[in-house]
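What follows is a set of notes on a single structure, which appears directly below.
Throughout, read-outs are computed from the coordinates displayed, never taken from laboratory work. Values in this document were obtained by computation on a predicted structure and should not be read as measured data. Every residue, glycine as well, gets a Cβ built from its backbone with ideal geometry; the counts of neighbours run over all protein chains shown.
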Amino acid sequence: MLDHPAVIAVAIPMGLSLLAVAVSRALGRQPLSIHVLSIGGLAAFLVAYVMLMGWPDAMPRTATQKLGYVALAGLFAGFLLDVAGNAVRALRWSVALPAAAIVWIAFPRIMRLVSDPSRGVMEWASIIVVTVLALAVLARIAKSERNGRDGRLSRPENSMRDGRLAQLVAAAFALGGICILGSAASLGLLSFAAGAVGAGAAIWNLGRQRARIGAGLVLGLGAVTVAVAMQAALFSTVTPAALLLLSLCFVTDLLPFCRPMATPEKGYRILASAPPYVVAVAAVTVAFLLDGMSGGY
C-alpha cells in the first residue's frame, strides 16, 4: 500500500509536513522554529521525490533529476530572506539562485535550438515566453506581503507568507491535474507532492495562525512548482493555455478584498483565499476541455 503513487505523492509528504509543523510549534516563538518548518517541509517533498524518481545523479542528466536541486535552491534563497532584516533588499540577490536553477531546466532545449539553425522563430519565441513567465512567477512568489499603513515590510519573524502558500497549494494541485490530463503523470505526481506539503502546513493556520510560515518553505515549494510547470510546457504535451491561466493564481492577492490573504491573529481569511482555487479549477477545466479526452490517463 505504501508504494501506491497516491500515497507517495500526497499522504506521505502531507503527513511529514504536519509533523514538521508540530515540531516547529513545539519550539514556540523561537527564531529557529520558522527554519525547522521550512527544512522539514522541503525534506517531506524530497522524500516523496526520491520515492517516486529515485536519488538524482550528482550531475543530473534530465530535467526531472534537476527538480531536487531546484527545491534546495529555493529553500536556501528563502532562508536568506528569513534572516535578512529587509526582505526587499535581499530579494534581488537571493532569488537569483532558484532563478538560475529554473533556467537550468530549459538549458538543454536552448542548446538544441542553438545547434540547429533550421529551428523556427516560433520555437525560440516559445522558450523565451516560458522562461520569462516562469521567472516572473518566481519573483511574485518571493515577494513578501506588505503590512502596515506605510506599506513597509514587516520583519521576517512577523512576515506573513500564508497568502503565498495558499496560492501555491492551489496552483500545485491544479498543475498536477493538468499534467496528468496532458499525459505527464510523473510531473503530475511531483506537483501533487509539493501541493501536499503546502497543504500540510496550511491546515494548521485555518481560522487562527498557529504556525509561522517562512520564506524557505514558500520559495522552496514555489521553485519546484514553477520548475514543474516549465518542464511540462517545454517537454510534454500539456496544453499551454491551461498553464498560462494557472499563472494567474499568483496575482489574486492584487484584488482589493484579498489583501492581506491572511492576518497574524486569524490565520487564513477564507474568502480572500478562495480566488486562487477558483483560478486553479478554471485552469484544470481548460486542460480537460482541450486535451483531457485525448490524454493517456
In whole Hz and in residue order, list the ³J(HN,Hα) couplings for segment 50-67 that follow from phi through the Karplus curve 6.51 cos²θ - 1.76 cosθ + 1.60, θ = phi - 60°; x for Gly and Pro.
5, 5, 7, 10, x, 6, x, 5, 4, 10, x, 9, 10, 5, 5, 5, 7, 4
Under a plain spin-label model, where a point goes 7 Å from the Cα along Cα-to-Cβ, how far apart in nm are residue 237 and residue 132?
2.9 nm
Residue 57 versus residue 23, label points 7 Å from Cα toward the beta carbon: distance in nm?
3.2 nm
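Rank the residues 33, 94, 24 as a footprinting-exposure proxy: fewest other Cβ atoms within 10 Å of their Cβ go first. Show your work: numbers first, answer last.
Details: 33 20, 94 23, 24 28.
The most exposed by this proxy come first: 33, 94, 24.
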Ordered by fewest other Cβ atoms within 10 Å, a rough proxy for footprinting exposure, 49, 69 read 69, 49
In nm, give the distance between the simple-model label positions of residue 6 and residue 282, each being 7 Å from the Cα along the Cα-to-Cβ direction.
2.9 nm
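Using Cβ contacts closer than 10 Å as the measure, can you line up 104, 55, 204 from fewest to most? Let's see the in-between values first.
Numbers: 104 16, 55 10, 204 21.
Ordered from fewest to most neighbouring Cβ atoms within 10 Å, 104, 55, 204 come out as 55, 104, 204.
Could you work out how much longer the chain between residue 139 and residue 30 gets when fully extended? Use 0.36 nm per residue separation minus the Cα distance between them, nm to one decimal. Don't skip to the end; give the middle numbers.
Values: separation 109, 0.36 × 109 = 39.24 nm, distance 2.79 nm.
That pair, residue 139 and residue 30, stretches by 36.4 nm at full extension.
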